[in-house]
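The values are calculated or read from the model by the stated rules, or taken from the named source; none is laboratory data. Small disclaimer: the values here were computed from a predicted structure and weren't measured. With ideal geometry, Cβ positions are generated from the backbone for all residues, glycine too; neighbour counts draw on all protein chains shown.
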Amino acid sequence: MNESADNIMADLEAQMAVANLERRGLYAAAIAVLAGDILRNALQAGVPYPLAKEMAADFWKTEILADTVAALIRDSDLEEEGDE
């Protein structure tokens, strides 16, 4: 590639990284809302606070971990495609 093509590719990669980060931020915010809903609904159902808190935290951790693993797999796949 020539230098201008390299610059274009670098710029596109940076734009894609920012878009991906924004998407993941929105996803994390949605997970936080759902975790809060889990906590509130569990408390309203009579679940003791420590257990309700643990339920919400487990949901948060599971969903965030799943998103992180999915992002790592996507990044790995993209790197492999670039090596071909």
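Tell me which residues, restricted to region 1-25, are surrounded by fewer than 12 Cβ atoms within 10 Å (Cβ to Cβ) and either among the polar types (S, T, N, Q) or within 14 Å of TRP60 (Cα to Cα) (or both).
Answer for region 1-25, where residues must be surrounded by fewer than 12 Cβ atoms within 10 Å (Cβ to Cβ) and either among the polar types (S, T, N, Q) or within 14 Å of TRP60 (Cα to Cα) (or both): ASN2, SER4, ASN7, GLN15, GLY25.
Which of (1) in contact with a helix residue (DSSP H, G or I) (Cβ under 7 Å, 6 or more places away or on another chain); (2) at pLDDT below 95 is the odd one out, the single condition THR68 does not satisfy?
Result: THR68 passes all but (1).
With the checklist (1) closer than 23 Å to ALA17 by Cα; (2) at pLDDT 90 or above; (3) surrounded by fewer than 12 Cβ atoms within 10 Å (Cβ to Cβ) in hand, flag the one item ILE73 doesn't pass.
(2)
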